[in-house]
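Worksheet: the structure to be examined is printed underneath.
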Amino acid sequence: RGAGDGEVRAVFGGAEKRITSQNLENLQVTAIFGGVELDLTEARLAGEKATLNVTVVFGGAQMKVPPTWTVSVETTTPLAGEVRSERRQPAPGEATGELVIAGTVAFGGVTVE
């Protein structure tokens with residue numbers, strides 16, 4: 001695991017976390033019957049791409065990302081849930097990296113701001 005790796009977990013509760021890693025590669029977010037609020041606005045990617053692995057079951061995850069990151073969603077088909085982005089992608093030439101959101105969403109949701 002790289003220096004930016006970690007995990008944020010909320011099971012039957014809530015968790016708020018600000019990630020300030022300047023070497024983010026991989027992050028696990030788990031929300032089971034709970035909610036996670038994740039702030040990545042002060043983080044920097046280790047390379048051109050980082051992966052956010054989500055497991056959301058009967059819960060939710062809300063995350064804020066820097067405006068210069070492109071966000072791609074590669075989750076499995078949400079089962080009675082959704083993955084929604086409420087932000088604009090950076091203009092061509094302004095992107096500083098890509099955050100890939102992968103994993104599973106069932107009876108819950110993930111929102112990216």
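On the basis of being among the aliphatic types (A, V, I, L, M) and at pLDDT below 90, does Leu79 make the cut?
When the stated conditions are applied, Leu79 passes them.
Only one of (1) buried (at least 16 other Cβ atoms within 10 Å of the Cβ); (2) over 20 Å from Phe12 (Cα atoms) is not met by Gly60, so which one is it?
The failed condition is (2).
So if I check each of Ala15, Ala80, which one is of a type in the set (Gly, Ala, Ser) and at positive phi?
One residue alone meets the criteria, Ala80.
Can you say whether Thr68 is over 25 Å from Val11 (Cβ atoms), touching a Pro at 6+ places or on another chain (Cβ under 7 Å) and open to solvent by 40 Å² or more (accessible area, probe 1.4 Å), as far as the supplied structure shows? Steps first, please.
Values: over 25 Å from Val11 (Cβ atoms): yes; touching a Pro at 6+ places or on another chain (Cβ under 7 Å): yes; open to solvent by 40 Å² or more (accessible area, probe 1.4 Å): yes.
Yes; evaluated as a whole, the condition is true for this residue.
Residues Glu113, Glu48: which one is at pLDDT below 95, open to solvent by less than 70 Å² (accessible area, probe 1.4 Å) and more than 18 Å from Gly14 (Cα to Cα)?
Values: Glu48 fails: open to solvent by less than 70 Å² (accessible area, probe 1.4 Å).
Answer to the check: Glu113.
Name the residues in region 71-100 that are touching an Asp or Glu at 6+ places or on another chain (Cβ under 7 Å) and surrounded by 13 or more Cβ atoms within 10 Å (Cβ to Cβ), would you?
Ser72, Arg87, Gly97, Glu98, Val100 - these are the residues of region 71-100 that are touching an Asp or Glu at 6+ places or on another chain (Cβ under 7 Å) and surrounded by 13 or more Cβ atoms within 10 Å (Cβ to Cβ).
With the requirement that a residue be under 13 Å from the mean Cα position of the chain (by Cα), among the β-branched types (Val, Ile, Thr) and open to solvent by 50 Å² or more (accessible area, probe 1.4 Å), what does region 16-43 give you?
Across region 16-43, the qualifying residue is only Thr41.
Is one or more of the residues making up region 45-64 without any contact (Cβ under 8 Å) to a residue 40 or more places away in the chain and at negative phi?
Within region 45-64, none of the residues are without any contact (Cβ under 8 Å) to a residue 40 or more places away in the chain and at negative phi.
Criterion first (in contact (Cβ under 8 Å) with a residue 12 or more places away in the chain and surrounded by 13 or more Cβ atoms within 10 Å (Cβ to Cβ)) does Gly103 satisfy it?
Yes: the conditions hold for Gly103.
The values are calculated or read from the model by the stated rules, or taken from the named source; none is laboratory data. It should be emphasised that the depicted structure is a prediction, and the values quoted were computed from it without experimental measurement. Neighbour counts are summed over all protein chains in view; Cβ atoms, including those assigned to glycine, are modelled from backbone coordinates with ideal geometry. The accessibility values were calculated without ligands, DNA or RNA, using every heavy atom of the protein model including side chains. Shrake-Rupley method; radii C 1.70, N 1.55, O 1.52, S 1.80 Å.
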